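**Q** Okay, here's the structure, questions in a sec.
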Amino acid sequence: MTKAMNEVRFHLAIPAERYLAYYRGAASHVEVTADGGARLRFPARLLRPYVTPEGVYGRFLLRYDDDYRAVCLERTSL
């Protein structure tokens, strides 16, 4: 049986010096407020492809399964 995919969108602005806590392992998860007000928590490792020297900025789409496990994170333009 295939699990349904759920998704949520949010804006993220993490300056480089703050992201260092995730990079160094001091924090393993990121908590954000999604569009619509829901609170999300997902593994910080999902942000690695989007880290720049300035930090992590932009709009993102998080897809997760019915067990609330993150499946993928994508940067979006909307």
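The values are calculated or read from the model by the stated rules, or taken from the named source; none is laboratory data. Computed from a predicted structure; not experimentally measured. Cβ coordinates were reconstructed from backbone atoms using ideal geometry, including for glycine residues, and neighbour counts include every protein chain displayed. Accessible surface areas use protein heavy atoms only, side chains included; no ligands, DNA or RNA. Shrake-Rupley method; radii C 1.70, N 1.55, O 1.52, S 1.80 Å.
**Q** Could you please state how large a percent of the accessible area of the chain is carbon and sulfur, counting protein chains only and using a 1.4 Å probe?
**A** Ligands and nucleic acids excluded, carbon and sulfur give 51 percent.
**Q** Using the charge dipole of the chain (Lys, Arg: +1 at Cβ; Asp, Glu: -1 at Cβ; taken about the Cα centre), state which of His29, Asn6, Phe60 has its Cα farthest towards the positive end.
**A** My answer, from the dipole projection, is His29.
**Q** Can you report the principal axis dimensions of region 33-78 using only the alpha carbons, biggest first, rounded to whole angstrom?
**A** Per principal axis, max minus min of the Cα coordinates gives 34, 22, 16 Å.
**Q** On alpha-carbon atoms, Rg over Rh for region 1-42 using Kirkwood Rh?
**A** Here Rg/Rh amounts to 1.10.
**Q** Further question on the same structure: Over its Cα atoms, what ratio of radius of gyration to 2.2 N^0.38 Å does the chain give? Provide the component values of the computation, followed by the final result.
**A** On the way: Rg = 12.7 Å, N = 78, 2.2 N^0.38 = 11.5 Å.
Against the empirical 2.2 N^0.38 Å value, I get 1.10 for the chain.
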